[in-house]
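The values are calculated or read from the model by the stated rules, or taken from the named source; none is laboratory data. This is a predicted model, so every value here is computed, not measured. Cβ placement follows ideal geometry from the backbone for every residue including glycine, while neighbour counts extend to all protein chains displayed.
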Amino acid sequence: MGLKNSLMTAGTTADQLRFVVAVVGVCLLAGCAGGPGPDGINDPFEPANRKVHAFNTGLDRVLVGPVAKGYVGIVPEPAQQVVANVANTLDLPGDIVNNILQARIDDAATNTLRLGVNLTMGVAGIFDAATAIGLPSQPTDFGETLHVWGAGEGAYLEIPFSGPSTVRDATGTAVDLLANPVRFIVPEREAMAASVLKLLSRLRDRGRFSNTVESILYDSADSYAQSRLLFLQNRRFALGQSDPVDTTTDDDFIDPYEDPYAQ
C-alpha cells in the first residue's frame, strides 16, 4: 500500500506540474498579451465580470461579511494574531521560490532567514520572531514573477468567490496553489489545515477592514467600477508600475486594505 500510495502521489504531482506549465505557457503566449486601453483599463469581459461581481457582492453580504465580523468579534485578538502568524509563515516557502524565480536573491535570503527564525524562535510560526529581530516581510507571488518575466497583466477578471484579478494574477494564483512547496513537504491532512489557517487569516482581514470594504461594495454608485479601479491601482502600485488608471501621486494613492492603526 505504501508503494502504491507513493506512486499515486507522484503521478498526481506530475499531473499538477504539467498543468502548471500549460497554464503559464498560455498566459505568456496569449492571455497576458493584451494591454490597457486609453483609459488604462483592459476589460473586454465586463458584462460577464459584472455578473460575477454581483454574485460575489451578494455572497459577501449574506455570508462572508457576517462570518468575518463574527470571527473578529468572538475570537480573541491574540488567537487571531497567532493564526495570521502561522499562515504567513506557511506562505514563506512559496515566497522563497518566487524570489528565486524573480532573481531577487536578497529577498530570497531574507525570507529564508524569516522561515528559519519563525520555525525555531517563533515556535513553529506561532510568533513572528523574524520581524521582531529586524527581518522584514518580503511577500510575493507567481503573478509578480510573471510580471518580472515580462508578461503583461492581461484582461481584468472578477473571479467567483475570490474577487478582482487579472489574467496574469489569476494564472499566478493557480500556480501558487498547485505548486505550493508546502503541498509537497507536509502530509495531506496538515496541508489542508494550512489552507484553513490561510482562510481564517483572510477572514480576519475582511473583518478588520469591514467599513472600508463595505463602503466600496455597498455605498459606491458603481461598486464594480470602483472595485476594479482600486484593485488595479493597488496591484500596479505594489509591482512598482506607474498607474495609467489614475494620475494621482504616490502620496495620494488609496489602498483599501491599509491598516488605519499602523504607525
Flagged pairs (Cβ under 6 angstrom, 6 or more apart or on separate chains; first in region 43-64, farther than 14 Å from S165 by Cβ and modelled with pLDDT of 95 or more; second of a type outside the set (A, V, I, L, M, F, W, C) and buried (at least 17 other Cβ atoms within 10 Å of the Cβ)) are R50/Y224
Checking L157, L115 in turn, the sole residue that is outside any helix (DSSP H, G or I) and out of contact with any Asp or Glu (no Cβ under 6 Å at 6 or more places or on another chain) turns out to be L157
Picking from G73, G11, the residue that is part of a helix (DSSP H, G or I) and at pLDDT below 65 would be G11
Which condition number in (1) under 21 Å from L199 (Cβ atoms); (2) surrounded by 14 or more Cβ atoms within 10 Å (Cβ to Cβ); (3) of a type in the set (D, E) is the one that D107 fails?
-> (1)
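Is it the case that G122 is in a loop (DSSP other than H, G, I, E, B), buried (at least 21 other Cβ atoms within 10 Å of the Cβ) and either among the charged types (D, E, K, R) or touching a helix residue (DSSP H, G or I) at 6+ places or on another chain (Cβ under 6 Å) (or both)? First the steps, then the outcome.
Details: in a loop (DSSP other than H, G, I, E, B): yes; buried (at least 21 other Cβ atoms within 10 Å of the Cβ): yes; either among the charged types (D, E, K, R) or touching a helix residue (DSSP H, G or I) at 6+ places or on another chain (Cβ under 6 Å) (or both): yes.
For G122, the condition - in a loop (DSSP other than H, G, I, E, B), buried (at least 21 other Cβ atoms within 10 Å of the Cβ) and either among the charged types (D, E, K, R) or touching a helix residue (DSSP H, G or I) at 6+ places or on another chain (Cβ under 6 Å) (or both) - is met.
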Options V182, V167, V186, V196; residue that is touching a Gly at 6+ places or on another chain (Cβ under 8 Å), farther than 23 Å from D43 by Cα and of a type in the set (A, V, I, L, M, F, W, C) | V182
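When you scan region 96-120, how many residues do you find that are of a type in the set (S, T, N, Q) and either closer than 13 Å to L135 by Cβ or without any contact (Cβ under 8 Å) to a residue 12 or more places away in the chain (or both)? Step through it out loud before you land on a result.
Residues of region 96-120 of a type in the set (S, T, N, Q): 98-99, 102, 110-112, 118, 120.
Filter once more, keeping what is either closer than 13 Å to L135 by Cβ or without any contact (Cβ under 8 Å) to a residue 12 or more places away in the chain (or both): 110-112, 118, 120.
Within region 96-120, residues that are of a type in the set (S, T, N, Q) and either closer than 13 Å to L135 by Cβ or without any contact (Cβ under 8 Å) to a residue 12 or more places away in the chain (or both) number 5.
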Matching residues in region 130-144 - criterion: being touching a Leu at 6+ places or on another chain (Cβ under 9 Å), more than 26 Å from R168 (Cα to Cα) and assigned to a helix (DSSP H, G or I) | A130
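For E190, indicate whether it is among the acidic types (D, E), surrounded by fewer than 18 Cβ atoms within 10 Å (Cβ to Cβ) and within 27 Å of L101 (Cα to Cα). Break it down into steps so the answer makes sense when it comes.
Values: among the acidic types (D, E): yes; surrounded by fewer than 18 Cβ atoms within 10 Å (Cβ to Cβ): yes; within 27 Å of L101 (Cα to Cα): yes.
Spelling it out, E190 is indeed among the acidic types (D, E), surrounded by fewer than 18 Cβ atoms within 10 Å (Cβ to Cβ) and within 27 Å of L101 (Cα to Cα).
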